[in-house]
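Laboratory data are not the source of any read-out in this text; all were calculated from the coordinates shown. Bear in mind that the values here come from a model prediction, so they are computed numbers and not experimental data. Glycine gets a Cβ as well: all are built from the backbone with ideal geometry, and neighbour counts include every protein chain shown.
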Amino acid sequence: MKTYHVKPTEMQRGWYIVDAEGQILGRLACRLASVLRGKHKPIFSPHLDAGDFIVVINADKVKLTGRKEAQKIYFRHTGYPGGDRYTTAGEARQKHPERLILHAVKGMLPRGPLGRQQLGKLKVYAGADHPHQAQKPQPLSL
């Protein structure tokens, strides 16, 4: 018996919509990363992008447990000497609430070109409106 290997031309991609209101950030990100990779499909291959597109709405209403709003710190560097910049989760939520979910999901995807391609299928919006009505996204149960 031979093992079947799916070809990139045989991939079927669906569209899902997720309401992040009241969801815990880490648990939501874990489920999103799994669907973006395609692990929910029987044709999953770790070296191929078999995942689906996901639209996340109400990203500004995602929950952080404990005192993470004040204690969780995001780091970035400007590229210049002494260019360390630190942002708390509360500040990040005020400026760009969709980046909380993007950052959490990005950490759960593989590094390299495959992970970047999979992250590109994630669309996150702070409010309830999104421009993907034409794709007819189905609700994703979490």
- Query: Quick one: in the stretch 1-39, which of the residues that are part of a helix (DSSP H, G or I) and charged (D, E, K, R) is surrounded by the most Cβ atoms within 10 Å (Cβ to Cβ)?
  - Reply: Arg37
- Query: Which condition number does Val55 fail, the rest of (1) over 18 Å from Ala89 (Cα atoms); (2) assigned to a loop (DSSP other than H, G, I, E, B) being met?
  - Reply: (2)
- Of all the residues that make up the stretch 67-111, how many are over 16 Å from the mean Cα position of the chain (by Cα), loosely packed, with under 11 Cβ neighbours inside 10 Å and in a loop (DSSP other than H, G, I, E, B)? 7
